[in-house]
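The next block holds one structure in the form of structure tokens; read it before the comments.
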Amino acid sequence: MASENHYEKIRKHPRVYVEVPAKATLPFDDLPPLSLKTQQLGLGGCMLAGSRHFEEGRVIELKLKLGEHNLTIPAQVLYEFKENEMVLSGVRFVDLEDKELSILQEFINSL
């Protein structure tokens, strides 16, 4: 398993430390969406904090509340670790559209 430090070195975009409400669902899973929050957010991905373990490599559907915008973005889980009873998941956004990228950039710039 690669560590958070490993991914910090190879990221294409910096991340900012910000808590944003999020919900995650797994494709083909009948469970209700899992409530999470971001700890870090960037144009290429984010760090999620929650109580559920996701399988590394799995693609989840991530819903982010960015100010007045609600984004739904597919995200691939790259790594996970536990910290203070929380599961932290580093995810990479998959197939981000230009409009979503613009909303993310605007939100990050407003911080």
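Bear in mind these aren't lab numbers, they're just calculated from the coordinates by the rules spelled out. None of these values were measured; they are calculated from a predicted model. Ideal geometry is used to build each Cβ from the backbone, glycine not excepted, and the neighbour counts take in all protein chains shown.
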Inset, instruction - Using just the helices of the chain, give the 222 nm mean residue ellipticity in deg cm²/dmol: DSSP H runs with n ≥ 4 each add -39,500 (n - 2.57), and the total is spread over all residues, rounded to 500. - result: -5000 deg cm²/dmol
Inset, instruction - Taking the Cβ of each residue in Lys82, Lys65 as the centre, tally the other Cβ atoms inside 10 Å and list the residues starting with the fewest. - result: Lys82, Lys65
Legend entry - Using θ = phi - 60° and Karplus 6.51 cos²θ - 1.76 cosθ + 1.60, couplings along segment 54-60 (whole Hz; Gly, Pro as x): 10, 6, 4, x, 6, 9, 10
Legend entry - Proximal aspartates and glutamates to Lys37, defined as alpha-carbon separation beneath 13 angstrom and excluding residues fewer than eight positions away on the same chain: Glu19
Inset, instruction - Rounded to whole Hz and in sequence order, give me ³J(HN,Hα) for segment 91-102 from the Karplus expression 6.51 cos²θ - 1.76 cosθ + 1.60, θ = phi - 60°, writing x for Gly and Pro. - result: 10, 10, 5, 10, 6, 5, 7, 4, 5, 5, 4, 5
Inset, instruction - Go through Ser89, Leu62, Ala75 and say which Cα lies farthest out towards the positive end of the charge dipole of the chain; charges sit on Cβ, +1 for Lys and Arg, -1 for Asp and Glu. - result: Ser89
Legend entry - Residues Lys37, Lys12, sorted so that the one with the fewest Cβ neighbours within 10 Å comes first: Lys12, Lys37
